[in-house]
Amino acid sequence: MKGTAGAPRPAEERDLDALESLFADLLAHHAALDPAFALRPGAASRIRGMLERQLRDPDSAVFVCEQAGRVAGFCTVRLTRSPGFLVEAARAEIADLGVRPDGRRQGAGRALAERALGWARSRGAERLEVRVAARNPEGQAFWRALGYEGFVDVLQRRL
């Protein structure tokens, strides 16, 4: 898919097929990095419902980016309000960002991340987080190039 990415726009119900496909691709990419990201048998059918709920949730946003008239990437972001005893009143988290392999390195990911940042600011978030798998060096480099830095290390012990 050649061509510059268009400006991200809010996702709509008509985008659900493309979103479902992109989300499945993103999960497959992460499952190859670590088996903890693998889908349970039969779970793929629940992806669409999750995406539909995100489209309706006033504290969430889903954005898509098109190239050559086709959805090339997506980003989901969610606002979380603090419990009231912290100085920080609200934060946002980019939960997912994925771009089709043939649409990468053309600005879609960056544009989606910037759109999520603007959305978070407009909702009063004081910080925008993103979680990146430790075994995902491309993802780590992408987010660090956009100015994201370490905040909390998540340690695990497999049982």
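The values are calculated or read from the model by the stated rules, or taken from the named source; none is laboratory data. Everything numeric here is computed off the predicted structure, so don't read it as measured data. Positions of Cβ are backbone-derived with ideal geometry, glycine not excepted, and every protein chain shown enters the neighbour counts.
Suppose we filter segment 50-103 for residues that are in contact with a Gly (Cβ under 8 Å, 6 or more places away or on another chain) and at positive phi; how many remain?
Matching residues across segment 50-103 total 1.
Within the set of pairs 6+ apart or on separate chains, which have a first residue in segment 124-152 that is in contact (Cβ under 8 Å) with a residue 40 or more places away in the chain and over 21 Å from R78 (Cβ atoms), a second that is outside any helix (DSSP H, G or I) and not polar (S, T, N, Q), and C-beta atoms under 8 Å apart?
As it stands, the answer is R135/D34, since those pairs meet every condition given.
So which residues in segment 55-77 are surrounded by fewer than 19 Cβ atoms within 10 Å (Cβ to Cβ) and in contact (Cβ under 8 Å) with a residue 12 or more places away in the chain, if there are any at all?
L55, D57, D59, S60, A68, R70
Would you be able to tell me the number of residues in segment 86-141 that are part of a helix (DSSP H, G or I), touching a Lys or Arg at 6+ places or on another chain (Cβ under 9 Å) and at pLDDT 95 or above?
Residues that pass the stated criteria total 2.
Condition first: outside any strand (DSSP E or B) and either within 15 Å of R121 (Cβ to Cβ) or within 18 Å of the chain's Cα centre (by Cα) (or both). Now tell me which residues in segment 53-85 satisfy that.
R53, Q54, L55, R56, D57, P58, D59
If you check every pair at least six apart or on different chains, which have Cβ atoms under 6 Å apart with a residue in segment 9-36 that is under 10 Å from V71 (Cβ atoms) and free of Cβ contacts under 8 Å to residues at least 24 places away in the same chain first and a residue that is assigned to a helix (DSSP H, G or I) and of a type outside the set (D, E, K, R) second?
Hits for this filter: zero, empty list.
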